[in-house]
Amino acid sequence: MTASEYDKGFLTNYIKELSLEEGFLECGISKATFLEDDAKRMEAWLDDGYNAEMGYLERNREKRYDPRKLVDGASSVISVLYNYYTDENISTNKYKISKYAYGKDYHTVIKDKLYKILGKIERETGKLNARVFVDSAPVLDRSWALNSGLGFIGKNTMLINRKAGSYFFIGHIILNVDLLYDKKTERNYCGNCTACIDTCPTQAITTEGVNANKCISYLTIEHRGELPGNVNLHNWIFGCDICQEVCPWNRFAKQHNELLFYPKEELKSMTPDKWKDISHEDFNMLFKDSAVKRTGYKGLLRNINSL
């Protein structure tokens, strides 16, 4: 479908209104095209072996760099940000989990909202070639958010929004409709700040990107099998928020208002002894429909026992 100039403007504004109605922090739209610069950067990162054991990042490269290979006739990439920041801290000094995993799995929450938006778009346009993506397919999430003007890429490789920091999830709708496109964020606003590099306890953040082999988040979630003998998780048992905690831009982060992201009372009441003695049954109860399922019971036990 090719919209007229009037329809492009109407539909673009309508999509952004829908995103706000669904609680998204911001919405930006970019033209679906081959990401030449990002492809070069990604290939260099893979050549350095910085993806560790994440072999899936080496597959479907053509699709990862070109959304038109994911969605037939793709014209536009709609990118959205969904806030998950909370002042609440359920972690004990001994056992810490990343804030993004406090509540229900974000994949489900955000996909449901994006499907609602897509359904309303199709009421205006008719059936489209379109797909919804939330961190579960060969899509360069941060690159598309950057292209859509939603922020800049920090030295910790996180997408940083100057009004809200970096505690948010990124989602996309890729579809075969021409829209009005937002201007890419060209400037990096980190300046001379090196807080994330200086504070990363494993020196995982480099000028070439994040070396997953050293990254606590990778080691506690994606890594399978025994942990490297010399690793120090610094009390993190799922994920790691250190490079976000020290980022000056996160002084602008505000409390989210998503009920599904609030932690269960049982999770909030976990003590060091309860973590140490967590059973498989407890794990399933605490982390039903949670991102923590990614690491699995054995992986979580491994992380706990390594401290």
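Tabulated data
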{"item": "Candidates Asp37, Asp135, Asp105, ranked by Gaussian network fluctuation over the chain, Cα under 10 Å, top entry", "result": "Asp37"}
{"item": "Tilt relative to the chain, helix 36-47 - C-alpha long axis, 0 to 90 degrees, to 10", "result": "20 degrees"}
{"item": "Of the chymotrypsin sites (Phe, Trp or Tyr not before Pro) in the stretch 17-55, those whose Cβ has at most 13 other Cβ within 10 Å and which sit in DSSP loop", "result": "Phe34"}
{"item": "Karplus-derived 3J(HN,Hα), 6.51/-1.76/1.60, for each residue of the stretch 202-208, Hz, glycine and proline x", "result": "10, 6, 6, 8, 10, 5, 9"}
{"item": "Net charge of neighbours whose Cβ lies under 10 Å from the Cβ of Tyr297, counting Lys and Arg as +1 and Asp and Glu as -1", "result": "+1"}
{"item": "For the chain, calculated [θ]222 nm from helices alone, where every DSSP H run of n ≥ 4 adds -39500 (n - 2.57)", "result": "-9000 deg cm²/dmol"}
{"item": "Average accessible surface area per residue within the chain, 1.4 Å rolling probe, Å²", "result": "48 Å²"}
{"item": "The stretch 182-307: translational diffusion in µm²/s, Stokes-Einstein, Kirkwood Rh over Cα pairs, 37 °C, 0.692 mPa s", "result": "195 µm²/s"}
{"item": "Tail fraction, Cα-Cα pairs, the stretch 3-122, threshold 21 Å, whole percent", "result": "59 percent"}
{"item": "Sulfur and carbon atoms: percent of accessible area, the stretch 68-108 [1.4 Å]", "result": "36 percent"}
{"item": "Accessible surface of the stretch 170-307 [probe 1.4 Å, protein heavy atoms]: carbon and sulfur percent", "result": "50 percent"}
{"item": "Contour minus Cα-Cα distance for Leu259 and Asp282 (0.36 nm per residue)", "result": "6.1 nm"}
{"item": "Cleavage-rule hits (chymotrypsin sites (Phe, Trp or Tyr not before Pro)) in the stretch 237-307: DSSP loop, at most 12 neighbouring Cβ within 10 angstrom", "result": "none"}
{"item": "Directionally averaged projected area (convex hull, Cα atoms, the chain), nm²", "result": "15.7 nm²"}
{"item": "Taking all pairs of distinct alpha-carbon atoms in the stretch 124-221, Kirkwood radius in angstrom", "result": "15.5 Å"}
{"item": "Accessible surface ranking that places the most exposed of Lys274, Lys111 first, with a 1.4 angstrom probe", "result": "Lys274, Lys111"}
{"item": "Contact order relative to length of the chain, as percent, for alpha carbon pairs under 8 angstrom and 6 or more apart", "result": "25 percent"}
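The values are calculated or read from the model by the stated rules, or taken from the named source; none is laboratory data. None of the values given here were measured: they were computed from a predicted structure. Note that each Cβ is placed from the backbone with ideal geometry, even for glycine, and that neighbours are counted across all protein chains shown. Only protein heavy atoms, including side chains, enter the accessible area calculation; ligands, DNA and RNA are left aside. Shrake-Rupley method; radii C 1.70, N 1.55, O 1.52, S 1.80 Å.
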